[in-house]
Amino acid sequence: MTKNLIKMSSLILSQNKVLFLTKMFFSPSVSQRSSKAEFCLSPECIEAAGSILSKLDRTVNPCEDFYTFSCGGWLKENPIPEDSSSHGIYPWLRQHVDIKLKELLEAPSHAKELEAVTKAKILYRSCMNESKTILFSKIIIMLYSLRTQHNKNNLKTASLILFCLFRTIANYIQWRTVFSKITTLSRRFLYRYLDFARVISGTTSLTPRWDKCVNYVENSLVYATGRLFVDAHFQEDKKHMMEELIEGIRWAFIDMLEKENDWMDEQTKQRAVEKAHAVLAKVGYPEFILNDTYLSEDIKELEFNEKDYYGNVMQTLKMIAKSDVSWLRKSVPRTEWFTNPTTVNAFYSSSTNQIRFPAGELQKPFFWGKEYPRSLSYGAIGVIVGHELTHGFDNNGRKYDKNGNLDQWWSESSVTAFNEKTQCMIDQYNDYYWEEAGLNVRGKRTLAENIADNGGVREAFRAYRRWVDNSRGGVEEPLLPGVDLNNNQLFFLSYAHVRCNSYRPEAAREQIQSGAHSPPKYRVIGAMSNYEEFRKTFNCPQSSVMNRGAQSCRVW
Ligand SMILES: [Zn+2]
């Protein structure tokens with residue numbers, strides 16, 4: 001009896017799915033499939049179609065869980081590697097950049113090579129030479145035994161409390177020193193580290209040596225490796241399309257502020273418009289890395305020895321510390337940027353009012369070239385541009401003026417209204433329970449990122465529709481073959497695909513407790529369910545998870 005009931009209910013469930021799939025993908029009003037629909041059959045469009053189809057899980061209702069609908073296929077096909085605590089599209093792209101850097105750093109040096117690049121290659125080879133890491137290990141053991149002796153010192157009882165404090169600080173500093181170097185040590189140490197990592201992050205194997213060495217060289221000789229990468233893998237025309245996206249999104253932010261914002265007073269609004277106009281965009285790499293003389297001068301004091309890894313590490317640490325200290329008491333350079341070009345990430349800097357998009361971020365599936373549907377780029381890198389721009393107006397960024405100075409440019413009434421608007425988002429995200437972590441999202445902790453996500457999606461969608469109007473006279477882009485989704489649907493899918501990511505429970509808990517971002521699943525569900533254009537695009541009924549209707553939160 002019970003068995004039959006279960007069978008029956010699962011049958012009904014699967015029928016619902018079939019019914020729903022038919023409605024979503026095969027009704028002409030949604031898929032825009034008419035005799036007029038045009039398909040793009042170029043190799044790029046076929047590639048994009050394949051990339052999208054492989055990530056989907058079509059058994060999930062997009063109006064109930066848009067994240068799993070968009071990412072389920074990819075997550076199933078891409079288990080978390082043994083040496084990682086999480087895996088997703090971002091780490092996947094990071095890995096691809098590492099592989100490219102490996103190839104570049106392993107290529108033999110030649111006579112015409114830049115001096116800085118030759119140094120980077122020597123540093124990489126010294127790191128790969130594992131027999132030389134043993135000496136380094138001995139020094140760390142020495143450092144550790146010094147600490148133990150220090151603990152044994154006898155001091156008078158009167159100074160015991162002070163001593164305890166000093167001891168704690170001294171222990172902590174020494175622990176940080178040892179810990180920061182532990183992954184560069186010999187295998188004996190690496191396996192002890194693995195015992196630690198197993199508990200903290202759930203990883204069960206070590207990162208390959210080459211990958212650690214690539215990351216080490218990349219973070220020590222930032223501009224030399226950046227130049228190497230940019231010369232080989234960055235196409236200059238990406239800058240033009242980024243300009244189109246950035247200007248479109250800036251326009252959308254200002255347009256919504258002027259036409260749809262009913263909670264900010266006119267004067268504050270005017271200042272917000274000025275700040276949006278003043279946001280300076282940086283794309284690809286800092287110009288000075290193309291200057292050969294600068295690159296050599298920048299690291300001229302470094303004399304690497306292929307057989308002295310420890311000595312090389314000490315030299316680079318010293319150089320980085322000196323360079324950090326040299327910024328003390330200097331004014332912030334407002335128009336320059338110093339971001340590593342190989343970084344797979346994007347940034348907003350409140351002290352310079354800059355948005356930054358290094359070359360590493362400007363790749364598929366974030367940045368799609370002009371040969372691909374624009375819906376994909378607007379949905380992915382476009383939303384990222386909007387996200388970074390909106391950081392200038394989140395609960396922290398809003399405190400800085402258009403010149404990057406901490407300055408109260410808001411009226412009291414607008415601050416009060418802003419706090420009310422953001423409280424809605426705090427409550428919304430607080431309510432999300434993340435199964436992987438067994439914990440709820442922390443709405444207040446993640447507020448700035450949630451404001452940026454919600455704003456970014458709105459700005460990029462508005463900019464995309466304007467692009468269709470202005471550049472195509474309102475005619476929709478050709479569809480992708482075999483995908484059965486219209487361009488607006490592709491826009492939202494492309495946004496979700498940026499976020500596909502799975503976590504081990506250890507990493508999920510860590511993300512909730514100390515991460516600035518909401519879990520990827522709720523970065524998608526949270527922002528989409530607040531947005532009326534999303535529910536229109538996917539025909540989501542009022543009762544569905546992805547349609548918050550009157551409960552929707554909106555700041556920008
Ligand atoms: Zn952010």
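A few comments on the model shown:
- Angle between the chain longest axis and helix 447-472 axis [Cα atoms, degrees, rounded to 10]: 60
- Computed from point charges on the beta carbon alone (+1 for Lys and Arg, -1 for Asp and Glu), the dipole magnitude for region 306-348 about its Cα centre is near 240 Debye.
- Unpaired by the 4.7 Å Cβ criterion, cysteines found in the chain: 164
- Globularity ratio of the chain, using Cα Rg and 2.2 N^0.38 Å: 1.08
- Among 350, 331, sorting on how many other beta-carbon atoms sit within 10 Å of each Cβ, with the fewest leading, yields 331, 350.
- Antiparallel content of DSSP bridges confined to the chain, in %, to 5: 60
- Filter on 212/282; 238/536; 102/318; 121/402 - keep pairs with C-alpha separation over 30 Å: 238/536; 121/402
- Long-range HN-HN contacts of residue 280 with modeled amide H, under 5 Å: 354, 355
- Summary of packing: across the peptides 370-378, 478-486, 40-48, 169-177, the per-residue average of other C-beta atoms within 10 Å ranks them, highest first, as 370-378, 478-486, 40-48, 169-177.
- Aspartates and glutamates whose Cα lies under 15 Å from that of residue 119, excluding same-chain neighbours fewer than 8 positions away: 106, 218, 292, 297, 298, 301, 303, 306, 308
- Cα long-axis angle, helix 266-278 against the chain (0 to 90 degrees, to the nearest 10): 60
- Among beta bridges that DSSP assigns inside region 211-363, antiparallel share in %, nearest 5: 40
- Which of 512, 99 has the fewest Cβ neighbours within 10 Å, and the rest in rising order: 99, 512
- Helix 222-233 vs. the chain, principal-axis angle (Cα, 0 to 90°, nearest 10): 40
- Shown here: region 464-556, whose C-alpha atoms stretch 50, 32, 25 Å along the first, second and third principal axes, sorted largest to smallest.
The numbers here are math on the coordinates, done by the rules we state, and not lab data. Just so we're clear, the structure is a prediction, and the values are computed from it rather than from any experiment. Heads up, the Cβs are rebuilt from the backbone with ideal geometry, glycines too, and the neighbour counts pull from every protein chain shown.
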